[in-house]
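The block underneath contains the structure these notes are about, expressed in structure tokens.
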Amino acid sequence: MNRLEQTHWVAALFHPEKAPLTMFATEDAERFVVYQNNIIVSLIDSLVDSFPALVQLLGENYFHAVAREFVQENPPNSPVMAEYGTQLPGYLEGFLPLEMLPYLADVARLELARIACFHAADSATLSAEDFTSLSIEALLSASFVLNPSLRLVVSEHPIFKLWHSQIHDSPIPALADWRGEEVICLRRKNVVITKQLQLGGALFLKTLINGQTLEEAWKAASAKDPGFNLTEALGSLVNEQLTVSIIY
Amino acid sequence: MSHFDTSPVNPCVGVSFKPQYFADICLESAAIDFFEVHAENYMSLGGLYHEQLRELTRTYPLSVHGVGLSIGGTDPINALHLKRLKHLCNIYHPVSLSEHLAWSVHDGIFLNDLMPLVYDESSLARVISRIDQIQDYLGCRLLIENPARYIKLTKQTLDEPYFLQQVAERTGCGLLLDITNLYVSAFNLGFDPVQYLTDFPLQGVEEIHLAGHSKNRLADGGQLFLDDHGSQVSEEVWLLFQEVVDSIGSKPTLIEWDNNLPTWQGLCLEANKAREILEKSDFLLVSQGEYA
């Protein structure tokens, strides 16, 4: 089978309406359908595994229908299936039949963050002594390498409550409580922990993730969240094992 | 790469490892000689899967089985994928590294399934050159597996046993004989599996795969077998396995079960069936007679 024949074969896999192939007898066409189904169904199944909350929110049948279109337009470009589906949030944002449900894309982003967290590199984290050995001035001007499993997802929608409602069978957020949420995913003892943060805490972490100093993170958080408490935030950095090294 | 600790008279039976079996394997020391994992499931950087595999490989030999190298493809070999595979081998030192005689990538798209090759001189030359390239890069030998086939391709000028014999001879790779794939292909394409085994370069076989398959009805009334790895090994496949073992002796044998997973105990029962056949093979009796 040369390159051109493989090109025709692949085109027919994803677009059955295209011209029939000449690489097998016409009466065997139904057997070719097995390859079409194997690919499409296995890719849809992989998305079902990766996006359990989204499957619940959309209903299994509807999710399958959306996933089928997504798979045909966005087949994987890596044999590592844990990496498949990263384009789904963007795809959902452009999917007109779902434009009235703009929170779905961010729920998908949260589910992707959980997968990335699950598979991220292992790393030893800093202890309280690593922090207390430095003066407060040195700490404030330091930046940090954060735990590689840490993921932060910020949304205009209550994505933590939405995700939690589907996975842990809790109530869906009421319309009166419909406000943006900041969520972190972090792996501890190889279990992914998903937690909601206050706005200040999220801005603090976001600034540190960007490689800025502790002082800059403190200022960014305090500017938008008067209740932000630096001592508590530092306590979280240690207790939640969020840091890997201090750069000072 | 280290090697299986085996000889034609020593049974060596493995099973596909799944994360959900880990606790059971730790609880009781399993009568399993090796575990096999899919390479692509262990290409992430860290986390639970790697922790389990590190623990497992302290006690058991590991066989790594891939679907992403696209040996029969026409895209250049994916350098990143090859690099990740080498990294995996450097960490876990598998006793065997295998891939399929098939293609799974085209125009950068991963198809998540194994596509059939037309066996002719040009695809033979391509496959040989790609295996050479892969083995050179990895610094170890591959085992190449006969695929399950569902459709008869026109323009084919070579048969599969000859193709694999040439591949093994000209690249130095070993062969992985998947007896379920053979049985499924023989039914779907209408050839005699016993004749296939007569033609097959059995001396090059270094590992055997056994798995369940399903029987599916086609709209035209015909039947199609699928190697879905989702049930027990069928009686017909056990019989073919017996023939192979009688002919070449005991080879490392894997029960491949990837879907509709049984309990750990259920999987061990299936592995024990393979072990019994290996232990009672004619080859073993004949060999013992020779040594007596």
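The values are calculated or read from the model by the stated rules, or taken from the named source; none is laboratory data. Since this is a predicted model, take the numbers as computed values, not measurements. As a convention, Cβ positions derive from the backbone with ideal geometry for all residues, glycine included, and neighbour counts pool all protein chains shown. Please note that ligands, DNA and RNA were not included when accessible areas were found on the heavy atoms of the full protein model with its side chains. Shrake-Rupley method; radii C 1.70, N 1.55, O 1.52, S 1.80 Å.
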Binned Cα-Cα distances of the stretch B:27-91, short to long, each 10 Å bin given as a whole percent: 17, 49, 25, 8, 1
Length-normalised contact order of the stretch A:121-248 in % [C-alpha pairs under 8 Å, at least 6 apart]: 36 percent
Helical mean residue ellipticity (222 nm; -39500 (n - 2.57) per DSSP H run of 4+; nearest 500) of chain B: -13000 deg cm²/dmol
Peptide-level mean, for B:42-52, of C-beta atoms on other protein chains within 10 Å: 6
Antiparallel bridge percentage (DSSP; both residues within the protein assembly as shown; nearest 5): 45 percent
B versus A: buried accessible surface, summed, Å² (probe 1.4 Å, to nearest 100): 3700 Å²
Whole-number percent relative contact order across chain A, with pairs defined as alpha carbons under 8 Å at least 6 apart: 18 percent
With every protein chain in place, the stretch A:12-151: carbon and sulfur % of accessible area (1.4 Å): 54 percent
Protein accessible area in the stretch B:13-287, 1.4 Å probe - carbon and sulfur %: 52 percent
Euclidean distance between Cα centres, the stretch A:217-234 to the stretch A:24-91, Å: 43 Å
Solution diffusion estimate, µm²/s, Stokes-Einstein, the stretch A:121-248, Kirkwood Rh from C-alpha pairs, 10 °C, viscosity 1.306 mPa s: 102 µm²/s
Förster radius 22 Å - calculated FRET efficiency between B:LYS152 and B:GLU121 (Cβ-Cβ, nearest 0.05): 0.70
At 0.890 mPa s and 25 °C, Stokes diffusion of the stretch B:13-287 via Kirkwood alpha-carbon radius, µm² per second: 127 µm²/s
Over the stretch A:1-101: Kirkwood hydrodynamic radius from C-alpha pairwise inverse distances, Å: 15.1 Å
Residue-normalised accessible area of the protein assembly as shown, expressed per residue, 1.4 Å probe, Å²: 44 Å²
Free-standing Cys, the protein assembly as shown [no other Cys Cβ under 4.7 Å]: B:CYS12, B:CYS26, B:CYS89, B:CYS140, B:CYS173, B:CYS268
Radius of gyration and maximum dimension Dmax of the stretch B:222-270, Cα, Å: 12.7, 36
Inter-chain Cβ neighbour average for residues A:30-41, partner chain, 10 Å: 5
Difference of contour (0.36 nm per residue) and Cα-Cα distance, A:LEU96 to A:ASP45: 16.0 nm
Cα gyration tensor shape for the stretch A:165-228, rounded if a/c is under 1.5, else prolate or oblate: oblate
The protein assembly as shown: radius of gyration over Cα atoms, expressed as a fraction of 2.2 N^0.38 Å: 1.11
Bridge type composition, the stretch B:13-287 - antiparallel percent by DSSP, nearest 5: 20 percent
Cα centroid separation, the stretch B:74-110 to the stretch A:96-168 (Å): 31 Å
Per-residue mean of C-beta atoms belonging to partner chains within 10 Å, peptide B:246-254: 0
Relative contact order [Cα under 8 Å, 6+ residues apart], chain B, whole percent: 20 percent
Angle between chain A longest axis and helix A:60-73 axis [Cα atoms, degrees, rounded to 10]: 80 degrees
Efficiency of FRET from Cβ geometry, B:ALA79 and A:GLN87, R₀ 22 Å, rounded to 0.05: 0.45
